[in-house]
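Contents: one structure, followed by commentary.
The values are calculated or read from the model by the stated rules, or taken from the named source; none is laboratory data. Here the structure is a predicted model, which means the values were calculated and not measured. Positions of Cβ are generated from backbone atoms using ideal geometry, with glycine treated the same way; all protein chains shown enter the neighbour counts. What goes into the accessible areas is simple: the full protein's heavy atoms, side chains included, and nothing from ligands, DNA or RNA. Shrake-Rupley method; radii C 1.70, N 1.55, O 1.52, S 1.80 Å.
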Amino acid sequence: MTMKERPFIIAGGGIGGLATALGLARVRKHSLVLEQADRFGEIGAGIQIGPNAFNCFDYLGIGEALRNKAVYIDRLRLMDALSGEEICHIPLDVSFRNRFGNPYAVVHRADLHGALAEACKSSGFVEMLTCHAVSGYHQQGESVRVSIQNREELEGCVLIGADGLHSAVRKQMHGDEPPRVSGHTTYRSVIPTESMPEDLRWNAATLWAGPKCHIVHYPLKGWKVFNLVVTFHNDVREAVAGKPVSREEVERGFEHIHPRPKQVIEHGKDWKLWVLCDRDPVQHWVDGRVALLGDAAHPMLQYFAQGACMALEDAVSFSHRCGTEGDLDKALALYLEDRMVRTSRVVIDSRLIGDHIYHPSGAAAALRNSVMRSLSTEQWYEKLGWLYDGGRPKS
């Protein structure tokens, strides 16, 4: 990067931050990515990728790389965790791809993050620094000075806060309280495919819905492993992330479900827990030459499987606007206009899905089953159109 131009400074080297840097590189804008950890990497295992995310990959120039690493599942399958029976499924075959222009797949987070990192490194427009924790900012006309813990300030033309749920950039912009704790605890494990019960080795993203709980599983890494994610609505009030727990602790939230899905927990190993958090949507993520992105802007619960997808869409919108608008202030305003309502809908709908689709009991669960079984494949596609048709830059 030349000394004559101030770079875009990106706080956070996760999926959203790297996608933003790559998007800016595609429009020949220099960026500096600051990661607070001592290395670039992603925590977690599987991630579900809808057509809207593939639209983003194609814009960013990594579509082929991700298609080569993805597992293409046959269907989204919703099961009743009490009866062990299927409620409904959504085919992800040729008709799905024709309708949305791209597939639905699952991929390991490390593979996605690695593809973004490699593309950033080879672009010639991105510098990536570790051990740089952004603590705040102050603005001077058309520049932003970024404060770094235990280091000298850095100057850029724009600061993008892609620093996650506990964003320091957001805290200065909004003065927020801590994130909203949902009371839902998620436990995660990855197991070899041969350890997965044979009658559950489905080529599907499968969700078992039960009273105050659900279980998700799907294949990863070319069918070498299965990703296991189980969630229990246990009303905890303290946020915890990545804490190792015993299988016995996990099983306590699922004693009431059918033996068939319970096998997933029995075969899981090295479980870790996360307490799910989000925030109420806000109308403003832009302060002068500072903008928020991804979980820093709109943290959401996992129930729509869209957290990373929304961050990717943010990156596409942000970089497209900054590449096509000569006025950066106007570009940031258009970015916010592009993204605020859409992401707010996903945040709110994710809460509703958790309460009314994944975790109901009794009559509410019976109503869910009846309504969802009544929908045809075409009706499901129509309902999902608003979401999966996204990911392309607006004109």
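Annotations
- Qualifying residue in the stretch 264-280 (condition: under 30 Å from Asp329 (Cα atoms), open to solvent by less than 40 Å² (accessible area, probe 1.4 Å), assigned to a strand (DSSP E or B) and of a type in the set (D, E, K, R)): yes
- Residue satisfying condition, being under 23 Å from the mean Cα position of the chain (by Cα), part of a loop (DSSP other than H, G, I, E, B) and surrounded by fewer than 19 Cβ atoms within 10 Å (Cβ to Cβ), within set His284, His356, His298: His284
- Against the criterion of being part of a strand (DSSP E or B), at pLDDT 90 or above and of a type in the set (S, T, N, Q), Gln48 qualifies.
- Residues in the stretch 92-110 that are more than 20 Å from the chain's Cα centre (by Cα) and open to solvent by 30 Å² or more (accessible area, probe 1.4 Å): Asp93, Val94, Ser95, Arg97, Asn98, Arg99, Gly101.
- Val229 modelled with pLDDT under 95 and in contact with a Ser or Thr (Cβ under 9 Å, 6 or more places away or on another chain): no
- Going through (1) part of a strand (DSSP E or B); (2) in contact with a Lys or Arg (Cβ under 8 Å, 6 or more places away or on another chain); (3) open to solvent by less than 20 Å² (accessible area, probe 1.4 Å) one by one, His89 falls short only on (3).
- Only one of the numbered conditions (1) part of a helix (DSSP H, G or I); (2) over 18 Å from Asp287 (Cβ atoms); (3) touching a Phe, Trp or Tyr at 6+ places or on another chain (Cβ under 8 Å) is not met by Ala115, and that is (3).
- Evaluating Leu328 against the criteria (1) at pLDDT 95 or above; (2) crowded, with 19+ Cβ neighbours inside 10 Å leaves one unmet condition, (2).
- Single condition Ser122 does not satisfy, out of (1) in a helix (DSSP H, G or I); (2) hydroxyl-bearing (Ser, Thr, Tyr); (3) more than 26 Å from Arg392 (Cα to Cα): (3)
- Test: residue in the stretch 378-393 that is in contact with a Phe, Trp or Tyr (Cβ under 9 Å, 6 or more places away or on another chain) and under 27 Å from Glu5 (Cα atoms): yes
- Residue, surrounded by the most Cβ atoms within 10 Å (Cβ to Cβ), within the stretch 179-201, restricted to residues that are touching a His at 6+ places or on another chain (Cβ under 8 Å) and in a loop (DSSP other than H, G, I, E, B): Met196
- Enumeration of residues in the stretch 302-325 that are surrounded by fewer than 24 Cβ atoms within 10 Å (Cβ to Cβ), in a loop (DSSP other than H, G, I, E, B) and touching a residue at least 12 places away in the same chain (Cβ under 8 Å): Ala305
- Scanning the stretch 359-395 for residues that are in a helix (DSSP H, G or I) and open to solvent by 20 Å² or more (accessible area, probe 1.4 Å) yields a count of 17.
- Scanning the stretch 138-160 for residues that are open to solvent by less than 20 Å² (accessible area, probe 1.4 Å) and either of a type in the set (Lys, Arg) or part of a strand (DSSP E or B) (or both) yields a count of 8.
- Within the stretch 344-364, residues that are touching a residue at least 40 places away in the same chain (Cβ under 8 Å) reach partners that are open to solvent by 70 Å² or more (accessible area, probe 1.4 Å) with beta carbons closer than 6 Å, at six or more positions or on different chains, in the pairs His359/Lys212.
- Filtered residues of the stretch 165-178 (kept if assigned to a loop (DSSP other than H, G, I, E, B) and open to solvent by 20 Å² or more (accessible area, probe 1.4 Å)): Leu165, His166, Gly175, Asp176, Glu177, Pro178
- Number of the exception - Gly114 against (1) among the small types (Gly, Ala, Ser); (2) exposed (fewer than 15 other Cβ atoms within 10 Å of the Cβ); (3) without any contact (Cβ under 8 Å) to a residue 12 or more places away in the chain; (4) more than 15 Å from Gly23 (Cα to Cα): (2)
- The stretch 51-86, subset part of a strand (DSSP E or B) and under 30 Å from Leu18 (Cα atoms), residue least open to solvent (accessible area, probe 1.4 Å): Val71
- Residue that is over 28 Å from His217 (Cβ atoms), buried (at least 24 other Cβ atoms within 10 Å of the Cβ) and not hydroxyl-bearing (Ser, Thr, Tyr), where the choices are Ala11, Ala19, Ala25, Ala37: Ala11
- The lone exception for Ala291 - which of (1) surrounded by fewer than 24 Cβ atoms within 10 Å (Cβ to Cβ); (2) in contact with a strand residue (DSSP E or B) (Cβ under 9 Å, 6 or more places away or on another chain); (3) modelled with pLDDT of 95 or more it fails: (1)
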